[in-house]
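The values are calculated or read from the model by the stated rules, or taken from the named source; none is laboratory data. Fair warning: this is a prediction, and the values are worked out from it, not measured in the lab. Ideal geometry is used to build each Cβ from the backbone, glycine not excepted, and the neighbour counts take in all protein chains shown. Please note that ligands, DNA and RNA were not included when accessible areas were found on the heavy atoms of the full protein model with its side chains. Shrake-Rupley method; radii C 1.70, N 1.55, O 1.52, S 1.80 Å.
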Amino acid sequence: MSPAPVRAVRFDAYGDRDVLQVVEVPMPVPAEGEVLVEVRAAGINPGEAAIRSGAMHEIFPATFPSGQGSDLAGVVTEVGDGVTEFSPGDEVLGFSWQRSSQATHVVVPVSQLILKPAALSWEVAGSLYVVGCTAWAAVEAVAPKPGETVAVSAAAGGVGTVVVQLLAVRGAKVLGIASPANADWLTAHGATPVPYGDHLAETLTASAPAGIDAFIDLFAPEYVQLAVDLGVPRDRIETIISFQKAQELGTKSAGSADASTREVLTEIADLVASGRIEIPIAATYPLDDVRDAFAELERRHTRGKIVLIP
């Protein structure tokens, strides 16, 4: 009896959300050092929309037909030769670097998986990697010390919510730049809310009369320029998105690849499982509704993560 086919997100050309399809593909077979995971949850991320549109072709070109997705959590159903870390039935979370997690099943190297803490829901576990490791890398890049002031743009977004909390755990004073609608959430999670828009520089200056020690940009190049204009040292300005501006101004641009280790992922998972950090889940969608999920994501007003449920 042949194995049941896998249902997976695919696109055959760059374009808008309408290029996304959910199609049947053969069941993958784990090679040496890999396991087959039945996916229970797969987070979606803005970078995936940028790759799909072709906006990141020069940095991350797609090969068609292309799959999609890094974040995942699920249950191991088969192990490849030489695998001793996991067994069928194990609940795991982690990441794929093959743009393949938005599917019912995916093969993943054991080096990219950890056991899922029982305290984590599937939705949280399946959306932990990109935001968690990106936030970790961004915070490490500015090396905050207790009592220092760190400003964060897009502080209520998927990565921003984790950055804010990691900074608070480290004892930093956080200025969270976001819409007024997110003020209560930011305050409850240890940050001083700062509304974006007109007079932002003046508001930031008034909120930190002793100066801003570091700045983490999660949204657009104008925030990197703003940080320089405010006198933040360039080696303590970090962006996860404005790479060209960072190169132009000599600031930092660390990302998830700089923190993509099992050790970092385990530490983040433990922080969330212990309740010290929260991963807000904004919405969940069935795999078949992947276009609708990205429509919500691309409005760029979501607090927390959007997750696909295969």
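Given contacts defined as C-alpha pairs under 8 Å and at least six residues apart, what's the relative contact order of the range 1-97, whole-number percent?
It rounds to 30 percent for the range 1-97.
Normalised by the residues of the chain, what does the relative contact order come to in percent, with Cα pairs under 8 Å and at least six apart?
Dividing the mean separation by the residue count of the chain yields 19 percent.
Kindly state, to the nearest 0.05, the FRET efficiency for Asp235 paired with Val169, given R0 = 30 Å and r defined as their beta-carbon distance.
0.85
Which whole-number percent is the relative contact order of the range 169-249 (Cα, under 8 Å, 6+ apart)?
21 percent
Got a number for carbon plus sulfur as a percent of the range 127-247's accessible area, 1.4 Å probe?
C and S fraction of accessible area: 56 percent.
Setting aside same-chain residues fewer than 8 positions from Lys245, which aspartates and glutamates have a Cα under 12 Å from its Cα?
Asp217, Glu222
Per residue, how much accessible area does the chain have with a 1.4 Å probe, in Å²?
43 Å²
At 7 Å along the Cα-to-beta-carbon direction for both Thr266 and Glu296, put a label point, then send me their distance in nm to one decimal.
3.4 nm
How do the peptides 159-165, 52-58, 36-42, 188-194 rank, highest first, by the average count of neighbouring beta carbon atoms within 10 Å per residue?
Output ranking for 159-165, 52-58, 36-42, 188-194: 159-165, 36-42, 188-194, 52-58.
What is the Cα convex hull volume of the range 14-75 when expressed per residue in Å³?
That works out to 120 Å³ per residue.
How much of the pair distance distribution for the chain lies past 33 Å, counting alpha-carbon pairs only, in percent?
The calculated P(r) of the chain puts 24 percent of pairs beyond 33 Å.
Pop a pseudo-label 7 angstrom from the Cα along the beta-carbon direction at both Thr205 and Ser121 and give the gap in nm to one decimal.
Spacing of the two 7 Å Cα→Cβ label points: 4.3 nm.
Full extension from Asp289 to Thr77: what is 0.36 nm times the residue separation minus their Cα-Cα distance, to one decimal in nm?
This chain segment gains 73.8 nm when fully extended.
Could you name the lysines whose alpha carbon sits less than 18 Å from that of Lys145, not counting residues in the same chain fewer than 8 places away?
Within reach: Lys173, Lys252.
Which residues in the range 244-267 place their backbone N less than 12 Å from a point set 7 Å from the Cα of Ala143 along the Cα-to-Cβ direction?
none
Tell me the net charge near Val110. Cut-off is 12 Å between Cβ atoms, Val110 excluded, with +1 for each Lys or Arg and -1 for each Asp or Glu.
That works out to -4.
For the range 128-244, how big is Rg over Rh, using alpha carbon atoms and the Kirkwood form of Rh?
0.91
Going by the alpha-carbon gyration tensor, a ≥ b ≥ c the square roots of its eigenvalues, is the range 171-301 rounded (a/c under 1.5) or, if a/c is not under 1.5, prolate (a/b greater than b/c) versus oblate?
Here the range 171-301 falls in the rounded category.
For all pairs of alpha-carbon atoms in the range 255-306, what percent lies in each bin of width 10 Å, listed from the first bin to the last filled one?
Over the range 255-306, the share of Cα pairs per 10 Å bin runs 21, 34, 38, 6 percent.
Determine one quarter of the surface area of the Cα convex hull of the range 2-112, which equals its mean projected area, and express it in nm² to one decimal.
Mean orientational projected area (the range 2-112, Cα hull): 7.0 nm².
With Cβ to Cβ distances under 14 Å as the rule, what net charge do the other residues near Leu20 carry (K, R +1; D, E -1)?
-3
If I compute solvent accessible area with a 1.4 Å probe over the protein chains, what percent of it on the range 63-122 is carbon and sulfur?
Roughly 52 percent of what the probe reaches on the range 63-122 is carbon or sulfur.
Decide, for the range 172-220, between rounded, prolate and oblate: order the square roots of the alpha carbon gyration tensor eigenvalues as a ≥ b ≥ c, take rounded if a/c falls under 1.5, and otherwise choose prolate if a/b is larger than b/c, else oblate.
Taking the square roots of the gyration eigenvalues as a ≥ b ≥ c, the range 172-220 is rounded.
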